[in-house]
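Student: Just passing along the structure, written as structure tokens.
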Amino acid sequence: MKLIYHINSLCNPGGMERVVLNKATWLVKHGYEVEIVTTDQGGKPTFYEFPEEIRMVDLGINYSEDKGKNIFAHILSYLQKRSLHRKRLTEYLMSAKADIVDTLYPGESSFIPEIKDGSRKVIELHQSRFFHRQYANKGLKGVIDRMREMADVRMVSRFDRFVVLTEEDRGYWGDLANIETIPNAAIVPAGHISDCNAKRVIAVGRLDYQKGFDRLIEAWKMVCDECREWTLDIYGQGEWKDMLQGMIDGSGLSDRCHLMGTTNDIWSEYEKSSIFVMSSHYEGLPMVMIEAMSCGLPAVSFDFKCGPQDVIKDGVNGLIVPDGDIQGLAEALLKLIKDEETRKAMSIEAQKVSEKYSEETIMRKWEKLFTKILDK
């Protein structure tokens, strides 16, 4: 069976990039032929190392070059690039002869079901149903966001299968006949289990609006008002780096809160931490949460859409706080910081998420899905 994955790029250390790496690696090890088609790789190396059996093709569309343009210039450029995208991807798929084309690039992929190359078409959404509205854009941008949200239902219904990550999110889409729920797998190298003794809280994600680290830093200042012994280390890169560092310095937290950049060995960092915290505005299913909990870290998280309700059993393997309740986030962190017995009991329960999200369990679900749609 030949599969083609379609994604914007693989040069960043993001969750989707790691998901594609994990899936593609498993599939080629089990006899599948896998290719990955990108639009914005731009000659950059992949952040993660992919097996040499996987063929990489970049279409040279470069949507990312439009960031920062005014709304009208952005729309004009987007329409031109989308037309080029459609032309180049159609030409490629017609020659590639794949059995299945799986795209993780929803907005720019709406035309894929119309490409008559003989393959079955699958679309994955790694965000929540309502991710367009999370930025609370006003004016013309807000109107466009609402229009895109309405168009999403029509778009995904045209694919052979539409895959979401959580049962919570599935419920938001209504009665779509082609919808499936398959979460991401957590792949944790052996031997990286925290004893939860380190006085360290860890957060992981891109430094941007979505991850809400500004909210986390506000909460951490409240934590430090009561406890100055623990540190918060935030791993990631992004356009908010300078702004977040300014918040840290301005709050007098330079010795208690650190922006750590990126790492290729996040599991060792989980092992050296005792609590995982997540302050996102929205997610599809936060893989970093699953990985951290698999390493024995109890999680403290806002109740954003979607993920926490599927992964965390509140009061058992972590704590869920109403979304946006910054004081509540600080109080939940302080509870686990001060109560070692509870923290270690939750650590034992947190490790059990690895059973539900094991690679073998998840990839067998994908195999079943692929076989089912090809049989039809």
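Student: Under 17 Å Cα to Cα from LYS199, which aspartates and glutamates show up? Leave out anything in the same chain fewer than 8 places away.
Tutor: ASP225, GLU226, GLU229, ASP233, ASP255, GLU269, GLU271, GLU331, ASP339, GLU340, GLU341
Student: Inverting the mean 1/r over all pairs of different Cα atoms, compute the Kirkwood radius of the range 1-119 and quote it in Å.
Tutor: Hydrodynamic radius (Kirkwood, Cα pairs) of the range 1-119 is 14.9 Å.
Student: Multiplying the sequence separation of LYS365 and VAL57 by 0.36 nm and subtracting their Cα-Cα distance, what value in nm do you get?
Tutor: So the extension gain works out to 108.2 nm.
Student: Separation between the ASP249 and GLU226 pseudo-spin-labels, each 7 Å from Cα along Cα→Cβ, expressed in nm?
Tutor: Spacing of the two 7 Å Cα→Cβ label points: 3.0 nm.
Student: Right, here's the next one. If packing is taken as the average count of other Cβ atoms within 10 Å, what order do 79-90, 347-358 fall into, highest mean first?
Tutor: Per-residue mean Cβ counts within 10 Å order the peptides as 347-358, 79-90.
Student: Once the Cα atoms of helix 241-250 and of the chain are each reduced to a long axis, what angle between those two axes, in degrees from 0 to 90 to the nearest 10, is obtained?
Tutor: That helix lies at roughly 10 degrees to the long axis.
Student: Hand me the trypsin sites (Lys or Arg not before Pro) from the range 218-252 located in a DSSP loop with no more than 11 other Cβ atoms within 10 Å, in residue order please.
Tutor: Sites meeting the loop and neighbour criteria: ARG228.
Student: Given 0.36 nm per residue, what is the gain on full extension from SER83 to LYS97 after removing their alpha carbon distance, in nm?
Tutor: 2.9 nm
Student: May I pose another question? Compute the signed sum of charges (Lys and Arg +1, Asp and Glu -1) over the other residues within less than 10 Å, Cβ to Cβ, of SER279.
Tutor: Combined, the nearby Lys, Arg, Asp and Glu give -1.
Student: Report, in degrees rounded to the nearest 10, the 0 to 90 angle that the Cα long axis of helix 71-96 makes with the longest principal axis of the chain.
Tutor: Here the helix axis deviates by roughly 60 degrees.
Student: Please give the per residue volume of the convex hull enclosing the alpha carbon atoms of the range 200-356, rounded to a whole number of Å³.
Tutor: Expressed per residue, the convex hull around the Cα atoms of the range 200-356 is 97 Å³.
Student: Over the chain, what is the relative contact order in whole percent, taking alpha-carbon pairs under 8 Å and six or more residues apart?
Tutor: Across the chain, relative contact order equals 14 percent.
Student: Could you give the Stokes-Einstein D for the chain in µm² per second, using the C-alpha Kirkwood radius, 10 °C, 1.306 mPa s?
Tutor: The calculation lands on 73 µm²/s.
Student: So for the pair ARG158, ASP195, with labels modelled 7 Å out along Cα→Cβ, what separation do we get in nm?
Tutor: The modelled label-to-label distance comes out at 5.8 nm.
Student: Then there is this: Do any GluC sites (Glu not before Pro) in the range 219-309 lie in a loop, going by DSSP, with at most 12 other beta-carbon atoms within 10 Å of their beta carbon, and if so which?
Tutor: Within the range 219-309, the qualifying GluC sites (Glu not before Pro) (loop, at most 12 other Cβ atoms within 10 Å) are GLU229, GLU239.
Student: Kindly express, to the nearest 10 degrees and within the range 0 to 90, the angle between helix 139-156's C-alpha long axis and the longest C-alpha principal axis of the chain.
Tutor: Helix 139-156 and the main axis of the chain meet at about 60 degrees.
Student: Still on this model: What's the FRET efficiency of HIS74 with LYS313 using the Cβ-Cβ distance as r and R₀ = 41 Å, to the nearest 0.05?
Tutor: The calculated FRET efficiency here is 0.45.
Student: Tell me the net charge near ASN197. Cut-off is 12 Å between Cβ atoms, ASN197 excluded, with +1 for each Lys or Arg and -1 for each Asp or Glu.
Tutor: +2
Student: To make sure I understand the rule: partners must be lysines, Cα under 18 Å from the Cα of LYS116, and not fewer than 8 residues away in the same chain. Which ones qualify?
Tutor: LYS2, LYS87, LYS97, LYS376
Every read-out reported here was derived from the displayed coordinates using simple, explicitly stated rules and does not represent laboratory data. What you see is a predicted model, and the numbers here were worked out from it, not measured in a lab. Quick reminder, even Gly has a Cβ in these numbers, built from the backbone with ideal geometry, and neighbours come from all protein chains shown.
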